[in-house]
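Down below is the structure, laid out as structure tokens.
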Amino acid sequence: MEQYCNSLTSYNRLITREVKVGNLIIGGGHPIRVQTMTTTDTLATEKTVDQVILCIKAGAELVRITAPSKTEAENLAAIKKALRAQGYETPLVADIHFTPNAAEIAATIVEKVRVNPGNYVDKKKFEQIEYTDQEYLEEIERIRERFTPLVTICKEYGTAMRIGTNHGSLSDRIMSRYGDTAIGMVESAMEFLRIARAEDYHNIMLSMKSSNPQVMVQAYRLLINHMTNEFGECYPLHLGVTEAGDGEDGRIKSAIGIGTLLEDGIGDTIRVSLTEDPEFEIPVCKDLVKRYTSSYNSNVPPIDKLQFDPFNYKRRETFQVGNIGSKNVPVVVSDFSKNNNITTADLVDIGYSYNEKTDKWNIADAAADYLYCKQEPNFSLPGTLKVILDYNTWLHANDKEKCFPIFSDKQYLEASIQKSNQLNFVMVDCYDKAEEDTTREHLFNTIKSDQTAVICLSSQNKNAVQSIRRMFQELIANQIQNPVVLICDSNHETNEESLIHYAVESGALLIDGMCDGVCFGYHYSSPAIIPPYKLLNSVAFGILQAARTRISKTEYISCPSCGRTLFDLQETTAKIRAVTNHLKGVKIAIMGCIVNGPGEMADADFGYVGSGVDKITLYKGKEVVKRNINSEIAVEELINLLKENGAWVEVPSAIE
Ligand code: SF4
């Protein structure tokens, strides 16, 4: 096994223990199960039953329901009975926070319970506590005493359990010793796992969720590494990015985190947490999982030595060519090569609006940096936008300060070619079967000493992520420090599938510090269809933001809501988004309840948290600043809070 997966160059499932959840088997190489969670009040039996049925009809193979106290835990019996009476046998999962009593009741009713080691028995009050080793051991002993009865009940009833760690809700004890880190998340789960194993209870799966896909991926990798080293085996893994938000951003964040792990054969069940109705999570899960069939493999050479640290982020070292590489944020290249005649109006979709009266361009925060097109545009371009042309077209370009050539690998090696003295793009298809190793060696030796060359990596292979990542290994091992732009094309039928495709294929490389730019292309069955340029541009910037490599907009961390939520989270999120979506780089959390919200809002700068019926509590970081304010004025108060803290700017006025 590699440090955290079976193979880094071929699709190979990590084989975990088999766990039985009712009539469903998870792990052990069984299909990746998809699941979701209800948002209704658990005491509203009929509504919850109806929602569970909607989720099952959408394809959920497990459905989770919150059980915040004994009363809700007891009501799971009525919900289960009603579902079984209607012929629905789908296993149910009780979501537990804080309350061992509720867990012990739920474990006698439903097929699985989820406990969060950050707040099950342990405390979360944001206190810094110094423990001696002895005191630390005593705390673990206290947890053992309180957790073991639940393990005993689960063993007796054949109930499965998920030990579900969340980055944002690590206990004060873990935080004091390990800090807010991936290793802290792993240790938090391992403590509970050791207790369960000591009781010879193995019907367990684990999760390591975070709203930051980078942290989430590192934590799962570390967990596998630690389980394998300590136990010689792995328990099934439930994958998810928590508080991912809604719409395009929520899907992108989830696809990057979950997809990166699935690419390496990691993950036995997945949940995509969206601030939307739960049944809408299932198609996203399905789009993610369906890529991994037995034919998801091609001939990628094995790796002798991993050239990057999979547990810590570090960007690949590159030199700078123009505004690409080194410390520059990754660039976005917009592929307009299917458009024969570009006009100023076309550029609106990629962040540039032209005002004829003033003869000025208005440039958005998410404006593309390069335009790849067939012909040199016949109008004066905005200052920040440059053009990439195929070599033979570029030879005849008028403005060679603005236009740069792109070569095929063979063209680039021809002695007679004329190059730009500033910037040259070179296409390389990773492990193209037709290409001899010697040709590639010659190519890289030439590129390496060319301070104007940017490599454009693509792969026709099915497992393109592994193929391109393998090429990065080769570049690093051979000290080739030219910047790399990733070319990723989609031929999927729907925009939703393409979004998942781009997010997985580029996100998986970006969160390991590779890529100095991205270019997304579309290959439709009919050439008459115009690519959705606006969507491609916003997806590119969304992916760079979710991978925390280029911040171009407000970051929202919103929980999916559940039976604890006391207000309409979807509507409120939309309202807050509408008035704050111009605040580039500000992180705003919108959380359904005061019990878990503050803990789980991760590294948000500001928090809007439900604290009672029609009551909202506002946070600055982890600190309460306005308690229990009326929900009617809460959005206004949030704006005031942003203003008081210098995080507010007025909405840029429309172009005159
Ligand atoms: S933060 Fe949101 S999803 Fe989590 S328990 Fe509270 S309301 Fe439910």
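About its Cα centre, region 574-656 has a charge dipole of approximately 180 debye under the convention of +1 per Lys or Arg Cβ and -1 per Asp or Glu Cβ, with nothing else charged.
Given +1 at the Cβ of Lys and Arg, -1 at the Cβ of Asp and Glu and no other charges, the dipole of the chain around its Cα centre is 320 debye to the nearest 20. Based on alpha-carbon atoms, the Kirkwood radius and the radius of gyration of region 71-218 give Rg/Rh equal to 1.00. What net charge is computed for the residues neighbouring N312, neighbours being all others with C-beta under 14 Å from the C-beta of N312, Lys and Arg scored +1, Asp and Glu -1? Cβ neighbours under 14 Å give a net charge of +3. Scanning the chain for trypsin sites (Lys or Arg not before Pro) that sit in a DSSP loop and have at most 12 other Cβ atoms within 10 Å, the longest stretch containing none of them is 434-656. Using alpha carbons only, the radius of gyration of region 149-200 set against its Kirkwood radius gives Rg/Rh = 1.06.
Ellipsoid fit via the Cα gyration tensor, region 201-316: semi-axes of 24, 18, 16 Å, each the root of five times an eigenvalue, largest first.
The calculated FRET efficiency for the pair H396 and E356, based on their C-beta separation and a Förster distance of 45 Å, comes to about 0.95. Other residues lying with their Cβ under 15 Å from the Cβ of Q134 contribute a combined charge of -3, Lys and Arg counting +1, Asp and Glu -1.
Taken over the alpha carbons of region 455-546 as equal point scatterers, the Debye sum produces base-10 log I(q)/I(0) values at 0.20, 0.21, 0.25 Å⁻¹ of -0.95, -1.03, -1.36. Spin-label model, A77/N478: points 7 Å from Cα along the beta carbon direction are separated by 6.9 nm. Tally Lys and Arg at +1 and Asp and Glu at -1 over the other residues with C-beta under 13 Å from the C-beta of G267: what net charge comes out? So the surrounding residues net to +3. When the pairs K374/K400; K20/K290; K20/K314; K286/K622 are compared against a 27 Å limit on Cα-Cα distance, K20/K314; K286/K622 fall above it.
Per residue, the convex hull around the alpha carbon atoms of region 435-498 comes to 100 Å³. Note: region 504-551, Cα convex hull, 72 Å³ per residue. Shape index of region 1-144: Rg/Rh, with Rg the Cα radius of gyration and Rh the Kirkwood radius from the inverse mean 1/r over Cα pairs, equals 1.07. Rg and Dmax, both from the Cα atoms of region 292-331 and both in Å, are 15.6, 42.
The coefficient of translational diffusion for the chain, derived via Stokes-Einstein from the alpha carbon Kirkwood radius under 25 °C and 0.890 mPa s, stands at 94 µm²/s. Selection among L237, T48, N101 by position relative to the dipole of the chain gives N101 as farthest towards the positive end (Cβ unit charges, Cα centre). For the pair A85 and E141, a Förster radius of 41 Å applied to the C-beta separation gives a FRET efficiency near 0.40, rounded to the nearest 0.05. Applying a DSSP loop filter and a limit of 13 other Cβ atoms within 10 Å to the chymotrypsin sites (Phe, Trp or Tyr not before Pro) in region 375-481 leaves F379. Altogether, the Stokes-Einstein calculation at 4 °C and 1.567 mPa s, with the Kirkwood radius of region 141-258 over Cα pairs as Rh, returns a diffusion coefficient of 87 µm²/s.
An ellipsoid equivalent to region 543-656, defined through the eigenvalues of its Cα gyration tensor, has semi-axes of 23, 16, 13 Å when rounded to whole angstrom and sorted largest first.
Since every read-out is calculated from the coordinates, none of them should be taken as a lab result. Note that this is a predicted model, so its numbers are computed, not measured. Cβ: placed from backbone, ideal geometry, glycine included. Neighbour counts: every protein chain shown.
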